[in-house]
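First up is the structure itself, then whatever we jot down about it.
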Amino acid sequence: MWVLLLIPSCAAAVLSCLRLVRVAAVADALTGRAPHPAHRPSGVGLYETAYLAGGPARVVDLALVRMAALGRLHLAHTGWTTVVDPRGRGRLERALIGAIGPDGQCRTAQLKAALAAHPTVRDIGDRLALAGLATPAVVRDRALRAVRQVRYALLGAASMLLLTVLLTAPDGTAARTAVAWYALPLVLTGGTLLMARVDVHAYTAWAAPAGQTLLRALPCRHTVATDDDLLTAVAISGTAAVRDPRLRAALGS
């Protein structure tokens, strides 16, 4: 009986680990390419910094905080966003106002989800990926999916082991034999996840190694004295940097 449980556990462990190794090899090949000189950025602005630090969701949060600080949006702690000034300054502001809709008001959570998937926000990530600063979206998605599958295989093997021990408990010899065999998928998946922390972890972040180096070189604003300090802090640290509890609650709605 326990052998029938062991076979799918081993198969899932081997296949998931092989997939993760393959994804890591492809990621090395894609991110190891030197960026074309035409794609090297002349400077990294706040929205680019926000993308490297937290992805599209961070860019959206920064845009909302910036427009609210300028009085162009009203963010209510009840979870609604209202347009105060319908004239967008720049592509991202126009995209945000367009995502709110003709009524000039929508739920903040729906707005954030729609704007995070907007081509204007995706273009920021594409430009940073071409410059070698951001992890390409396809690489990050595949790496996260492969790591998740190995974790599921590890949990599945542990669950099957527990079930096997319960089924073979009356027979001590069979239980010990089952534990010894189940060590194979457990060690394989556990060891692969440990190695992934070193080899694959960099590809699950929004910023590529070069982008992470750039983020570490940025001055971290621990004190928010001006609006510029607030925007910089939000770009780097997210909405946790917002001191106003009502605004922070509105962003989390």
query = Once you put a point 7 Å from the Cα of Arg176 and another 7 Å from the Cα of Asp103, both along the Cβ direction, what distance in nm separates them?
reply = 7.0 nm
ask   = If you take all C-alpha pairs in the chain, what percent of them are over 31 Å apart?
value = 44 percent
request  = Assign one of three labels to the stretch 138-243, namely rounded, prolate or oblate, based on the Cα gyration tensor with a ≥ b ≥ c the square roots of its eigenvalues; rounded applies when a/c is under 1.5, prolate when it is not and a/b is larger than b/c, and oblate otherwise.
outcome  = prolate
ask   = With axes computed from alpha carbons, what is the tilt in degrees of helix 2-31 against the longest principal axis of the chain, rounded to the nearest 10 within 0 to 90?
value = 40 degrees
query = Under a point-charge model restricted to the Cβ atoms of Lys and Arg (+1) and Asp and Glu (-1), what is the dipole moment magnitude of the chain relative to its Cα centre, in debye to the nearest 20?
reply = 180 debye
ask   = Mind checking the dipole of the stretch 126-253: about its Cα centre, +1 per Lys or Arg Cβ, -1 per Asp or Glu Cβ, Debye to the nearest 20?
value = 100 debye
query = Taking the Cα atoms only, what angle lies between the long axis of helix 119-130 and the longest principal axis of the chain, rounded to 10 degrees?
reply = 70 degrees
note = To the nearest Å², the heavy-atom accessible area per residue of the chain with 1.4 Å probe amounts to 54 Å²
request  = Name the shape class, rounded, prolate or oblate, that the alpha-carbon gyration tensor gives for the stretch 34-175, where a ≥ b ≥ c are the square roots of its eigenvalues, rounded holds for a/c under 1.5, and otherwise prolate holds if a/b is larger than b/c and oblate otherwise.
outcome  = oblate
message = For the ranges 125-132, 168-175, 53-60, what's the packing order if you count other beta-carbon atoms within 10 Å of each residue, average per peptide, and put the highest first?
response = 53-60, 125-132, 168-175
query = If amide H atoms are built 1.01 Å from N in the plane of the peptide, which residues on other chains or at least 5 residues away come under 5 Å of the amide H of Trp80?
reply = Thr108
remark   = Taking Asp103, Asp85, Asp123 and ranking on accessible area (1.4 Å, protein atoms only), highest first, one gets Asp103, Asp123, Asp85
key: Extreme residue, positive dipole direction of the chain, given options Ile124, Thr232, Thr81 (C-beta unit charges)   = Ile124
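How much of the accessible area of the chain, probe 1.4 Å, is carbon plus sulfur, in whole percent?
62 percent
The values are calculated or read from the model by the stated rules, or taken from the named source; none is laboratory data. Remember, predicted model here, so these are calculated numbers, not experimental data. Quick reminder, even Gly has a Cβ in these numbers, built from the backbone with ideal geometry, and neighbours come from all protein chains shown. For the accessible areas, the whole protein counts, side chains as well, though only heavy atoms, and no ligand, DNA or RNA atoms are used. Shrake-Rupley method; radii C 1.70, N 1.55, O 1.52, S 1.80 Å.
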